[in-house]
Every structure is written in structure tokens, then in C-alpha cells.
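**Student:** Encoded as C-alpha cells, here's the structure I'll be asking about.
Every number here is computed from the coordinates shown, using simple stated rules; none is lab data. In this text the structure is predicted, and so the values were computed from the model without any measurement. Positions of Cβ are generated from backbone atoms using ideal geometry, with glycine treated the same way; all protein chains shown enter the neighbour counts.
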Amino acid sequence: MSACVMIVAGAALTTGAGSAGAAPQPSAAAAPTAQPTTDPSAEPTATADPVDEDFCNDAVRAAIDSGDAEAVVVAAGGGEAFREGVVSGAADGCIALNHPAWSWVVVNKQRPIEPIDFAPATVSPALYSPIGATLTQAAADALDELATAVDAAGQGQIGLFSGYRDYTSQGSAHDSLVDQMGEEAAEQTSARPGYSEHQLGLAADLVSCEGQSCGTIYDFGATPQGQWVDENAWKYGFIVRYGEHGSETTGYESEPWHLRYVGVELAKAYVDGGYETYEDFWGLPAATEYAS
Ligand SMILES: [Zn+2]
């Protein structure tokens, strides 16, 4: 349980429900610099606040205003508390899983990016990329930390084979795979434009490299780099989005090279919870087929 006390910090809080006129009694722990109360002996009481108000409290709303996804999750009580809030509906008033600018967004064959041609600002991470791939700032920073950690662990170098792809280039990439493999096989490994995490700037396809000589994405899972990344990527905010056992849910075959940035808090909750897919994590239905 997250202890969401009503925090009376600075900003005016417009209390929705018609609470009685009496001055609110800070009911539980940690009311920071509250006004001196005349009754310090009051027992902490377990108030039956509606859960929804509890989740979307001032601290969470302030973090949302700051635009910092990780801060929002922390304000909600951490990755597992955030997940529970979303799954239970308690977070409905302030969190949506379909907003493409937040690193928790869920995109799959049933959940197109909204808007379909969304294009985030992206930057080039420092690690080597044969094609100069980019990611959102948060994902790029996290990937550079991961690359440094792989190296520091003595596992060698990773490179960014593919990162952000805009709507148009995702369409070309998908078309060319359909030409090469046929539609059925291509659909198991490549998303249609508007349905790809690469269009969010939050997905990184990794390869192992030595200098500027890199392997293929298909080799990655079997390399020392790939094995270390599989175990440790969560510490840097990434999950392996299409794992070995998830294809019945995701509609994609295992892709050990495709990392999805979700932030450290959510990645930790994902791994701690033993989830096989991001859909399961959020209590969402399987998405093996396109909605239309
Ligand atoms: Zn990918």
C-alpha cells in the first residue's frame, strides 16, 4: 500500500468532495512542516479516502506537470504501486497508457500510436550506431549507461543498430520485410507504421560490436553482451519487450535485441513480478492480431 497522505504543500488544493468545514487534521505520518496543531496526540487514523483521489494526489500531479515520467512513478510510490494504480483504475484520473510522450506508453497491434504519425524529439546517444540512430533523451541517456555497464562488466561493446524510426520509414521497413519474407512471417517480426515502439523513440535494437565492426541483431541474444543485457537491462530502465514466452500475447517472436525503455522503476517492477510481456504487466489483453 502506498501511504498517500494528503499533502498540503504550498499549492492550493481544491478539494473535490464536500468535506466538512472543520480544519483538516493531518491524519497520518509525515506531514512535513504542517501548521502547529493543537492536538498532537491524535492517533493516526486509517481514513477511507477514495482510492482514485489517493493515487492522483498533489505530488503525482506536480510530477506530471514536470514532464518527468520517472518522477511520476516515484511520486506514485514506485513501479509496483504505479502499476497497481493503473491496473485497478485508481490512476484513471491522471495517467493514460496511450499517451506516446510518456515512457510507460503501451503500443501493440491492438493499440496504435495516438496520433498515428506521432514524432518525438530525439537525440543521438554516445554509443556507436552504424546508421546514426537516435532515441528520446531519456532513452538515449539510459542506453549510454547500459553500454558503459556492459563494458565495465567485461562483456564488450554494444551498438545501436536501430532506434527511432518515423512513420514513413517504419512503413518502408515493414514493406521491405514483407517483400523478403512474405506477409505472415514479416508480421511476426515487424510492426506496421503507427504500431511500432521504434516510432516512440523508446525502442533500441542492439548489436554486439568491436569498434565499428558489429554483428547482426539476430546474433545478439547469443553473445556475451546479449546475455548480460538480458539479465541486467532492467537496472537501466529497459525491458526485453518480446521475450521467449510472449509471442502468444504480443504477436511477435522472441527478439532479444529489441529493448524497450520504460524507466528504472517500471523495469524493476516488471522483473520483480516475473512478467513475460508488457501486456500482462498492465493487465491488457493479448494483441496478436491487428485491430483492423
Ligand atoms: Zn526493434
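**Student:** Could you list, in sequence order, all residues of region 205-245 that are touching a strand residue (DSSP E or B) at 6+ places or on another chain (Cβ under 7 Å) and of a type in the set (Gly, Ala, Ser)?
**Tutor:** Ser208, Gly215, Gly221, Gly226, Ala233, Gly237
**Student:** A follow-up question, please. In region 203-292, which helices (runs of 4 or more DSSP H) lie fully inside it and hold 3 or more residues that are free of Cβ contacts under 8 Å to residues at least 60 places away in the same chain and at negative phi?
**Tutor:** 217-220, 224-232, 247-250
**Student:** Of all residues in region 225-280, how many are more than 16 Å from the ligand (Cβ to nearest atom) and among the basic types (Lys, Arg)?
**Tutor:** Looking only at that region, the number is 2.
**Student:** A further question on this structure: What number of residues in region 191-224 are surrounded by fewer than 21 Cβ atoms within 10 Å (Cβ to Cβ), within 12 Å of the ligand (Cβ to nearest atom) and either within 17 Å of the chain's Cα centre (by Cα) or of a type in the set (Lys, Arg) (or both)?
**Tutor:** 1
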